[in-house]
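Student: One structure, as structure tokens, below. Some questions next.
The values are calculated or read from the model by the stated rules, or taken from the named source; none is laboratory data. These numbers were taken from a predicted model, which means no experiment stands behind them. Neighbour counts run over all protein chains shown; Cβ positions are idealised from the backbone, glycine included. Note: areas computed on protein heavy atoms with side chains; ligands, DNA, RNA excluded. Shrake-Rupley method; radii C 1.70, N 1.55, O 1.52, S 1.80 Å.
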Amino acid sequence: MNILILGSGGREHVFATKISESPLCQKLFIAPGNAGTAACGQNLNVSPLDFPAIEKVCIDHQIDMIIPGNEDPLVAGIVDFVKSTESIKHILILGPSKAGAMLEGSKDFSKVFMQKHGVPTAAYLSVTAETYTEGCEFLESLKAPYVLKADGLAAGKGVLIEADLNQAKQSLHDMLHGKFGAAGNTVVIEEFLHGIEMSCFVLTDGTDYMLLPEAKDYKRIGEGDTGLNTGGMGAVSPVPFADEAFLDKVKTTIVDPTVAGLKSDGIPYTGFIFIGLMNCDGTPKVIEYNCRMGDPETEVVLHRIQNDHVELYKAASSGQLKSQTLKINPQHAVTVFLVSGGYPETFGKGYEISGLDQLKSAKAYHAGTKIDHDKIVTNGGRVIAVSALGNSMQEALKLAMENADTIQFENKYFRKDIGKDLLKYYNEQL
Ligand code: AMP
Ligand code: GLY
């Protein structure tokens, strides 16, 4: 098959790596890709949001399957576009319809969906500028802290958690009046859930599904989960507290009704469902849905999947998932993101990266990198995710950290405490 991956991050480098390893992949293209994906296939300088350009790429390169990596083209309707465009409608595409991508594209939609299908989640009220007063009354009925979410996509920044009621009311007002642009025209106010967060991943063909390995990501820039939110500083898989009983609850109370609900609502959905959930004293509750894989979770989750990835994605995008059996590497995976100093605020770009050819028992997945005059240089805040496998989490952590030290660029920073909060579950000491 000739395959086209859309996106340019670490997640897409994982997809490109796994797909290029399959004997079923003839030619691989990545639009737009990065310096890492360039070693797996051919990067094309095309935006995933430029649908006519994507159509041309598909025709020119006789593409057989498209794998969208991030949410933007899905929420913008790439799947509906491909399926309704005569010249390319025969191409398999692994992703939800625009209606299905609303699980991520609209927090209000996802809450209505969960309520309708009995999926456990935090109590909520959706408000607009016209219903601000009701919003304030709902806030008064809740206990602190207060969770406010912009309804639309806000580049992962649209959630505010306020400790003080008056500040929450003020923030609600600000959000409804443009703090996050049009994404905040509707705001979802939520009950605060107490517990430990983790992420579950589902691959579905619209009828059947597989639960992929679970993961925990580390979002804050600073050690001990302090400082500003980032796109993700590292991840581990498996998650020790997600035992069989807990994952069974996730399947029966969350995934079954989600997949069945999409089907019964007539919403075409193939591809990934990323479920951010809170383990509330053994009860899983949904914090959010995403209509794609996570980044950096993909760097541990797909890293552990031993299937032929092309076979898997072909089956999922063509209603044949039942024919597949998931093969999971029982080892522990850890990924650590090397970022450019200053991220997630201002940071420099264009620093030469060295040491990539000296890694031992680890894989460097590129995110913010590009090739500049035959050199690999930094081209973003999150630069490279270093993934390692080990027979224990401790072993995987050690390998990931050693290899993170090997890669060099100016102002490199990474968190050295990824996964350490979980070691107590293994009764291990670093
Ligand atoms: P979201 O974009 O919906 O995943 O929210 C971003 C982050 O805010 C989550 O990863 C949680 O850490 C936190 N969060 C969101 N909703 C809640 C909630 N209802 N209770 C507690 N924390 C939450
Ligand atoms: N790591 C969180 C995300 O991909 O949304």
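Student: Taking R0 as 35 Å, what FRET efficiency do you get between Ala53 and Lys219 from their Cβ-Cβ distance, rounded to the nearest 0.05?
Tutor: For Ala53 and Lys219, the calculated efficiency is 0.60.
Student: Please compute the length gained on full extension between Lys416 and Asp256, using 0.36 nm multiplied by the number of residues separating them and subtracting their Cα-Cα distance.
Tutor: Answer, rounded to one decimal: 53.9 nm.
Student: Return the long-range amide H neighbours of Asn307 (sequence gap of 5 or more, or a different chain), with a cut-off of under 5 Å between placed amide H atoms.
Tutor: Lys327
Student: Next up: Find how much the distance from Leu228 to His61 grows on full extension, using 0.36 nm per residue of separation minus their present alpha carbon separation; answer in nm with one decimal.
Tutor: Working it through step by step, the gained length comes to 55.9 nm.
Student: At 0.36 nm per residue, and after removing the present C-alpha to C-alpha distance, how many nm does the segment from Ser84 to Leu211 gain when stretched out fully?
Tutor: 42.7 nm
Student: Hey, another quick one. Of all accessible surface on the chain at a 1.4 Å probe, what whole percent is carbon and sulfur?
Tutor: The C+S portion of the solvent-accessible surface of the chain is 49 percent.
Student: Right, here's the next one. Provide Rg over Rh for region 108-234; use the alpha carbon set for both Rg and the Kirkwood Rh (inverse mean inverse pair distance).
Tutor: 0.99
Student: Quick one: Debye curve from the C-alpha atoms of region 15-163, no solvent, what's log10 I(q)/I(0) at q = 0.11, 0.13, 0.17 Å⁻¹?
Tutor: Values, matching the q order: -0.59, -0.74, -0.98.
Student: Would you check the accessible area of Lys360, probe 1.4 Å, heavy atoms only, in square angstrom rounded to 10?
Tutor: Roll a 1.4 Å probe over it and Lys360 shows about 150 Å².
Student: Where a Cα-Cα gap under 23 Å defines reach, which lysines qualify for Lys424, not counting those fewer than 8 residues away within the same chain?
Tutor: Here the lysines satisfying the reach criterion relative to Lys424 are Lys216, Lys219, Lys398, Lys416.
Student: By a straight-distance test (C-alpha under 16 Å), which lysines pair with Lys349 as possible cross-link partners, with residues fewer than eight away in the same chain excluded?
Tutor: Here the lysines satisfying the reach criterion relative to Lys349 are Lys370, Lys375, Lys412.
Student: What percentage of all Cα-Cα pairs in the chain are separated by more than 41 Å?
Tutor: 12 percent
Student: Continuing with the same structure: Total Lys pairs in region 80-212 closer than 14 Å by alpha-carbon, pairs eight or more apart in sequence or interchain only?
Tutor: 10
Student: Then there is this: Sort 7-20, 255-268 for me by packing, meaning the mean count of neighbouring Cβ atoms within 10 Å per residue, highest on top.
Tutor: Going from most to least packed, we get 7-20, 255-268.
Student: Take the Cα of Asp265, step 7 Å along the line toward its Cβ, and report every residue of region 104-148 whose backbone nitrogen sits under 20 Å from that point.
Tutor: Once the point is set 7 Å along Cα→Cβ of Asp265, 104-128 turn out to lie under 20 Å by backbone N, inside region 104-148.
Student: For region 132-145, take each phi angle, set θ = phi - 60°, evaluate the Karplus expression 6.51 cos²θ - 1.76 cosθ + 1.60, and give the result in whole Hz per residue in order, putting x for glycine and proline.
Tutor: Values per residue, Gly and Pro as x: 4, 4, 4, x, 5, 5, 5, 4, 5, 7, 9, 9, 5, x Hz.
Student: Can you give me the accessible area per residue for region 70-212, using a 1.4 Å probe, in Å²?
Tutor: Heavy-atom accessible area per residue stands at 43 Å².
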